[in-house]
Amino acid sequence: MPSALETLQHVFGYDAFRGHQQAVIEHVVQGGDALVLMPTGGGKSLCYQIPALVRQGTGVVISPLIALMQDQVDALQELGVSAAYLNSSQDWRTARAVERDFLDGQLDLLYVAPERLLTERCLELMDKAPVALFAIDEAHCVSQWGHDFRPEYLGLSILHERWPHVPRLALTATATSATRREIAERLDLGDAPHFVSSFDRPNIHYRIIEKKDVKRQLLDFIKREHAGDSGVVYCLSRARTEEIAGFLAENGIEALPYHAGLGQAVRAANQSRFLREEGLVMVATIAFGMGVDKPDVRFVAHVDLPKSVEGYYQETGRAGRDGLPASAWLAYGLNDVMQHRRMINESEGDEVFRRRLGAQLDAMLGLCETVSCRRQQLLAYFDQTIEPCGNCDTCQTPPESWDGTVAAQKVLSAVYRLLRERGQRFGAGHIIDILRGKATDRVREYGHDTLSVFGVGADLPDTAWRSVLRQLLAKGLLAVDAEGYGTLALTDASRAVLKGEHTLLLRREAPKAARSARTTTPRAAPAADLPPEAQACFQNLRSWRSEVARSHGVPAYVIFHDATLREIALARPASVQDLGHISGVGARKLEAYGEEILRCVRG
Ligand code: ADP
Ligand code: ZN
C-alpha cells in the first residue's frame, strides 16, 4: 500500500502537504471521522482523494453539484485516477456500467448526488462492495439557516447507522461556529475532531468603494486592472445580471449572465463557457459559484451589497484559488442600505428570523464602514485574529474619520421635526434637499422651506449628506419605515446623538483611494512579471495547453494550472526527469505530456 505522501507526490505531483491536510489524511486513513473547515482554495479535495487511494475500496464523494461532476471526474482521470459519477444527468446504460465498475472494485472514487445515494438501489449497491470512506462535500448544505440548504443532506445521518465502520469526512469552506456545530449535529459526527484552518486568503486584495455610477465604476475597474481576466460580478437580482452583462458586452468585455431564471440548459452552457474560455466575465446572482473550482478567477466584483459577511466571504473567496494575486471589489451606497433594510422589514418569517437578518446586515455594514483593516474585520467574523494586512484599501489608504456629531444632529432633527410638527415621514433624497436648502417643487408643495432646519446643511455637498445618512442607517441611528416606502424614522439610539451625549465619528471616503491602491498593488496577468524569455515560453505552453484541453473537452486548468506553467517557463527543464520535479506534474501527466512540454520549452 503506498503511503499518503507517496501518493501526493506520485499522483498529484506535489512535494508536501499544506496546512491540516496531513493530519486529516492520517486520521481518515486510520478510519476516523472528521469535520474539515478550510477556505476555498485551501486544498480540501486531497483530504478525501488521498485516503480514497490509500485505503481499500472506493471513496464515495457526496456532492450537490451535479453540473460539475463531469469536470471533477475528468480532472481525476487526467491524473490517472479511476473515477466516475452517478447522477440524474446520465442515461440508464451509463449508470449500469458505473455500478458494475464499482462492484468490480475498479473505482478509486465515485461521486454521487445525495438524493441518488439515498435511493434504496444505491444504498444496496454500497452494501455489496467495500467503501473506503464517505466524503460529504459542501457539508454546510445541511444547515437550515445557510443560503445553500439542501433538504436531501438531512438524510445523510443514515451513513453512520448503516456503515458504522466506514469513515466519514465532512468538508466545507463555510466557517461560522454556529454552522460548524449544526453540521456536526445533523450529520451525527459525535466527537469527531474538527480541523479548522485559518480563513485568511492573503492573495485577495479587498476594496469597498462608495457607489456613484456603478456601471461606469465597474467598467473602469475591469478595464484598468483586469483587462482580459476571468472574473465574476455578483448582483442582487436576475434583471440586474442581464442589464450589467449587456452593458459590459456593449463596452467590449465578454460577459455572460447567470441566474436561476435562465433554464437549466442555458445555465449549464454559460457555466461551461466560463470554465473553458479565458477572460470571460460571469455576471451572476448568488445562484452561481458553489463548487466552481476554476483556479484563475482574477476578480470578484459586487455591484450590490451582499446580505451577510458570510455570503460576501464565500463569494469573494472564489477569486484567486491558484494563490496568485486577485481582487475583491465592492461598490455600495445609501440606496443599498435602504433597500436591504426594506427587504428585511418586508420579509416573511417571524420576528426572530428578521432579527437574524438584521444582525447579518449590521455586520456587513460594519465591514463596509470600518476605518481599520478589512481583513481583520472579515476574519473577526469567524472568530479569527490577524495583524493589519497591508493588502486592502483601508490599510493602503486609511480613511479619515471626522466628527460628524453636528451633521448627524441636523439629519436627525430634520426627521424629528417633520414627524413632530407635520406628522410626516420622508425618504433620504427629500431630507437632503431640506438640509441643503433646495426649494424643489416638492419642498415648496409641503411648505418645508419654512422648517427651522431648512438650509442648515448648505455647508456640505449632496454626496457628503448621502454618506452621513448611509452611516446613520448603518449604525442603527436611523431606521427605514416598515411600510415599504423608504421613509426614515428615528430609533431609540438616535436620542443620545440628538442630545449630544456622545460624539459620533464618521468615515470620510478617501477621494483617491482607488487610484493609490492601484499604484501600490499592480495586478498582473499570470506572466507579466516573468523575464522576457520565460514569457515567450509561458505563452507557448499556454497555447499548447489550450489545444490539448480542447481536444480532451476539458477546461485548460485540468491539464495544468497557470502556476505550473509559470514554474516550467522559469525552470526550463531539459529532461523528463527535471520536469517531474515541477509542482503539479505527477507521474501520469509526465508520461502523457512530458515530451510535448519539453518540445515547447525548447521553442
Ligand atoms: P478547495 O476544494 O479547498 O477549494 P482544492 O482542493 O480545489 O481546494 O485545492 C485548491 C488548489 O490547491 C488546487 O489547485 C490543488 O491542486 C492545489 N493544492 C492542494 N493541495 C496542495 C498541496 N499540498 N501542494 C500544492 N498544491 C496543492
Ligand atoms: Zn488590511
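Structure data summary
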| quantity | calculated |
| --- | --- |
| FRET efficiency, A359 to A458 (Cβ-Cβ, R0 35 Å, nearest 0.05) | 0.40 |
| Mean Cβ neighbour count within 10 Å, used as a protection proxy, ranking 241-248, 547-554 highest first | 241-248, 547-554 |
| Packing-based ranking, highest mean first, of 449-462, 227-240, 45-58 given that Cβ atoms within 10 Å are counted | 45-58, 227-240, 449-462 |
| Cα long-axis angle, helix 462-474 against the chain (0 to 90 degrees, to the nearest 10) | 70 |
| Using a Förster distance of 51 Å, the FRET efficiency for S3-D403 (Cβ separation, nearest 0.05) | 0.20 |
| FRET efficiency, 1/(1 + (r/R0)^6) with R0 25 Å, evaluated for A265 and E242 via beta carbons | 0.90 |
| For D213, D74, D441, order by how many other beta-carbon atoms lie within 10 Å, fewest first | D441, D213, D74 |
| Relative packing of 19-31, 426-438, 584-596, which averages over residues the other C-beta atoms within 10 Å, highest first | 426-438, 19-31, 584-596 |
| Cα pair distances of the chain binned at 20 Å [whole percent] | 18, 48, 26, 8, 0 |
| Estimated inter-spin distance, D481 and R273, nm [label 7 Å along Cα→Cβ] | 4.5 |
| Relative contact order (%) - the chain, alpha-carbon pairs under 8 angstrom, separation at least six | 14 |
| Per-residue [θ]222 nm for the chain (sum of -39500 (n - 2.57) over DSSP H runs n ≥ 4, rounded to 500) | -13500 deg cm²/dmol |
| Relative frequency of Cα-Cα separations exceeding 24 Å in segment 401-508, percent | 16 |
| Cα long-axis angle, helix 92-103 against the chain (0 to 90 degrees, to the nearest 10) | 60 |
| Straight-distance crosslink candidates among aspartates and glutamates, where the alpha carbon sits under 17 Å from K215 and sequence neighbours closer than 8 are dropped | E225, E242, E243, E250, E254, D304, D336 |
| Distance cut-off 22 Å, percentage of C-alpha pairs in segment 221-355 lying past it | 37 |
| Helix 264-276 vs. the chain, principal-axis angle (Cα, 0 to 90°, nearest 10) | 80 |
| Relative counts (whole %) of C-alpha pair distances in segment 159-293, using bins that are 5 Å wide | 2, 8, 15, 16, 14, 12, 11, 10, 7, 4, 2, 1 |
| Alpha carbon centroid spacing (whole Å) that separates segment 122-154 from segment 18-77 | 13 |
| Two-site label geometry, K499 and R96: point separation in nm, points 7 Å out along Cα→Cβ | 8.1 |
| V558, V73 arranged by Cβ crowding within 10 Å, fewest neighbours leading | V73, V558 |
| Distance in nm between pseudo-label sites at S88 and S543 (7 Å out along the Cβ direction from Cα) | 4.5 |
| Set of segment 289-314 residues, backbone N closer than 20 Å to the point 7 Å along the Cα-Cβ line of S372 | 309-310, 313 |
| Backbone HN-Hα couplings from phi across segment 44-54 [Karplus 6.51/-1.76/1.60, Hz, Gly and Pro as x] | 5, 4, 4, 4, 10, 5, 5, x, 5, 6, 7 |
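Just so you know, all these numbers are worked out from the coordinates, no wet-lab data involved. As the structure is a computational prediction, the values presented were derived from the model and not from experiment. With ideal geometry, Cβ positions are generated from the backbone for all residues, glycine too; neighbour counts draw on all protein chains shown.
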